[in-house]
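Asks: Take a look at this one; I'll ask things after.
Laboratory data are not the source of any read-out in this text; all were calculated from the coordinates shown. As the structure is a computational prediction, the values presented were derived from the model and not from experiment. Cβ sites come from the backbone with ideal geometry, for glycine too, and all protein chains shown count toward neighbours.
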Amino acid sequence: MNHFEYREQTMHCEGVPLPLIAAAVGTPFYAYSAATLTRHFQAIDQAFNDIPHVTCFAAKSCSNIAILNLFGHLGGGADIVSGGELFRALSAGIDPKKIVYSGVGKSPEELRYALKSGILMFNVESLQELATLQQVAAALDLVAPVALRINPDVDPKTHAYISTGLAKNKFGLPLEQAAAIYAEAQAMSHIEVMGVSCHIGSQLTTVAPFVESINKVIAFVKRLATDGITIKYLDMGGGLGICYDQEEPPLPAEYAAALKKALAGVPGCTLIIEPGRVIVGNAGILVTKVLYTKSGAKQFIIVDAGMNDLARPSLYGAYHGIQAVVQSDRGEVVADLVGPICETGDFLAKERALPVSETGDLLAVMSAGAYGFSMSSNYNSRPRVPEVLVRGDEFFVIRKRETFADLIHGESIPE
């Protein structure tokens, strides 16, 4: 459920009509519903209320500090994949003891920053990373809390670019190597083995891959126990999908029930979950304005938002619903919805039944809260768009629109 609805033929975000925001901040812009963000976070978090757990929001999916702060106030932590995301999470007031650090390419500088910040745990993804973390921790005279991320070779049945749990993917350690590396970690002077981590992909629409992967992880944890290695945290990542079009992903309760049933086999472990898209995906939209229309061999609706603002359609062929902000009786037309970027791949929708539009009309690109702004860029030297958070009858600009001057900040011409 989300809080975007029509009132008297005008789309509102909670109590605010979208044209009012457009008049104040211009277009394009991202709008997020605080009520939807809260509802979705609590639906996931409360599904695990009867077991020890930490809900670490996947910051990469939507990293504005106002949104991270909202989740922090709800008791959430953060799953981060860079030093920049650590800085964002700390700036947002997230408790460092609720931050887990994933990713295959953590630099020594990033490891040092996270160690000094006192995060909960590093999800280590290679033997070389483990050795580097040992060196960094020793230099700081600190002990690094770690989980090793294992790769269970489970097919998540999702887009190849967002699959992370197959043997051919770059993430994690093969199960057949992991036990020996755990033994090495256990013997290191400045490493404390805390957990096991596993994440198999994003936008999963069935619980079966989750069940297959957690059963492999549980068996592995039991094997570690026989080697004298005690696991305190089990990080099962995120990946639960949302409805963009006709998908029917599992409800949080079904997802939680599947994980909790398996967890009964390893009592004493605290579960870490890393939801991202499932919380923010349908809590945000991208609002864009029609610049021109043209017809010929096919119909085009040209808007002021492009692939630099929302990369998913061009990158993944992803589907986003397109709705008129102000409804009319003009009907629909089969057309491509395209932006100003100088690329044929710059589109938000292709060969779709879209609202018949005229110059100046506002269109809402739905389900754009996850991997929308966070993947945006300045390609074609376009300033990034503002982000707006709506709460009840009020809205707040939580990121200003960039200016042309921002585009060249930090650049210089040699004398």
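Asks: At what distance in angstrom do the alpha carbon centres of the stretch 303-360 and the stretch 222-252 lie from each other?
Replies: With the stretch 303-360 and the stretch 222-252 each reduced to a Cα centre, they are spaced 35 Å.
Asks: Now for a separate question. Tell me, what are the semi-axes, in whole angstrom and largest first, of the equivalent ellipsoid of the chain as set by the roots of 5 times the Cα gyration tensor eigenvalues?
Replies: On the way: eigenvalues 325, 109, 78 Å².
Semi-axis lengths for the chain are 40, 23, 20 Å.
Asks: In nm, what is the difference between 0.36 nm times the number of residues separating Asn69 and Lys350 and their Cα-Cα distance? Don't jump to the answer; show the numbers that get you there.
Replies: Numbers: separation 281, 0.36 × 281 = 101.16 nm, distance 3.62 nm.
97.5 nm is the gain from fully extending Asn69 to Lys350.
Asks: From the phi angles alone, apply the Karplus equation (6.51, -1.76, 1.60; θ = phi - 60°) to the stretch 177-192 and give each ³J(HN,Hα) in whole Hz, x where the residue is Gly or Pro.
Replies: Running phi through 6.51 cos²θ - 1.76 cosθ + 1.60 with θ = phi - 60° gives 9, 5, 4, 5, 6, 4, 5, 5, 4, 4, 8, 7, 5, 10, 10, 10 Hz.
Asks: Roughly what would the spin-label model give for Ser117 and Ser189, points 7 Å off Cα along C-beta, in nm?
Replies: For the pair Ser117/Ser189, the computed spacing is 2.7 nm.
Asks: Taking just the alpha carbons, could you work out the radius of gyration and Dmax for the stretch 175-284, both in angstroms?
Replies: 15.7, 52
Asks: What lysines sit close enough to Lys289 to cross-link, taking a C-alpha to C-alpha distance under 21 Å and skipping anything fewer than 8 places away on the same chain?
Replies: Lys298, Lys350, Lys400
Asks: Give me the angle, in degrees from 0 to 90, between the Cα long axis of helix 252-263 and the longest principal axis of the Cα atoms of the chain, rounded to the nearest 10.
Replies: Once rounded, the angle reads 10 degrees.
Asks: How far, in nm, would the chain grow between Ile229 and Lys294 when pulled straight, counting 0.36 nm per residue and subtracting the alpha carbon separation?
Replies: Values: separation 65, 0.36 × 65 = 23.40 nm, distance 6.57 nm.
Net length gain for the segment: 16.8 nm.
Asks: Name the residue farthest towards the positive end of the dipole of the chain from the options Leu175, His3, Pro250, assuming +1 on Cβ of Lys and Arg, -1 on Cβ of Asp and Glu, about the Cα centre.
Replies: Ranked along the dipole, the leading option is Leu175.
Asks: Shape verdict for the stretch 1-106, please, from the Cα gyration tensor: rounded (a/c under 1.5), prolate (a/b greater than b/c) or oblate.
Replies: Values: a/c = 2.91, a/b = 1.62, b/c = 1.80.
Oblate, since a/c reaches 1.5 and b/c is not below a/b.
Asks: For Val280, what is the net charge nearby, where nearby means another residue's Cβ is under 12 Å from its Cβ and Lys, Arg count +1, Asp, Glu -1?
Replies: Details: positive: Arg39, Lys60, Arg277; negative: Glu387.
Local charge sum for Val280: +2.
Asks: Of the lysine pairs in the stretch 34-280, how many meet both conditions: Cα atoms under 21 Å apart, and a spacing of 8 or more in sequence or different chains?
Replies: Step by step, the pairs that qualify in the stretch 34-280 add up to 27.
Asks: Quick query: amide H of Asp361 versus all other amide H atoms, modeled in the peptide plane; which residues come in under 5 Å with a sequence gap of 5 or more or a different chain?
Replies: Under 5 Å from the amide H of Asp361 lie the amide H atoms of Val290, each far enough along the sequence or on another chain.
Asks: Lys and Arg at +1, Asp and Glu at -1: add these up for the other residues within a Cβ distance under 15 Å of Ile301 and post the number. Spell out each step's value before the answer.
Replies: Working: positive: Lys289, Lys294, Lys298, Arg330, Lys350, Arg352; negative: Asp304, Glu332, Asp336, Asp346, Glu351, Glu358, Asp361.
Taking every Cβ under 15 Å from that of Ile301, the sum is -1.
Asks: Decide, for the stretch 27-161, between rounded, prolate and oblate: order the square roots of the alpha carbon gyration tensor eigenvalues as a ≥ b ≥ c, take rounded if a/c falls under 1.5, and otherwise choose prolate if a/b is larger than b/c, else oblate.
Replies: Working: a/c = 1.70, a/b = 1.47, b/c = 1.15.
Here the stretch 27-161 falls in the prolate category.
Asks: Same structure again: Dipole of the chain (Lys/Arg Cβ +1, Asp/Glu Cβ -1, origin at the Cα centre): which of Ala318, Met121, Ser357 lies farthest to the positive side?
Replies: Met121
Asks: How big is the charge dipole of the chain about its Cα centre, in debye rounded to the nearest 20, if each Lys and Arg gets +1 on its Cβ and each Asp and Glu gets -1 on its Cβ? All intermediate terms of the calculation are to be shown ahead of the outcome.
Replies: Details: 33 positive and 43 negative charges, 81 e Å.
Dipole size: approximately 380 debye.
Asks: Right, another one. Sticking with the crude label model, points 7 Å out along Cα→Cβ, report the distance from Glu8 to Glu332 in nm, one decimal please.
Replies: Inter-label distance under the simple model: 2.8 nm.
Asks: A further question follows. Determine the percent antiparallel among the DSSP beta bridges restricted to the chain, to the nearest 5. Kindly include the intermediate steps, with their values, before the conclusion.
Replies: Numbers: 35 of 71 bridges.
Among the beta bridges of the chain, antiparallel pairing accounts for roughly 50 percent.
Asks: Return the sequence-ordered ³J(HN,Hα) values of the stretch 99-105 in whole Hz as given by the Karplus equation 6.51 cos²θ - 1.76 cosθ + 1.60 applied to θ = phi - 60°, using x for Gly and Pro.
Replies: Those phi angles translate into 10, 10, 10, 10, x, 7, x Hz.
Asks: Given N residues in the stretch 34-280, what is its alpha carbon radius of gyration divided by 2.2 N^0.38 Å?
Replies: Values: Rg = 16.8 Å, N = 247, 2.2 N^0.38 = 17.9 Å.
The stretch 34-280 yields a ratio of 0.94.
Asks: At 222 nm, what helix-only mean residue ellipticity would the chain give, in deg cm²/dmol to the nearest 500, using -39500 (n - 2.57) for each DSSP H run of four or more? Could the numbers behind the result be given before it?
Replies: Values: 12 runs with 120 residues, N = 415.
My calculation for the chain gives -8500 deg cm²/dmol from helical runs alone.
Asks: So what is the relative contact order of the stretch 34-280, in percent, for Cα pairs below 8 Å that sit 6 or more residues apart? Display every interim value, and only then the final one.
Replies: Details: 497 pairs, mean separation 52.2, N = 247.
RCO, the stretch 34-280: 21 percent.
Asks: With springs only between Cα atoms under 10 Å, which of Met188, Met366, Met236 fluctuates most in a Gaussian network model of the chain?
Replies: Met188
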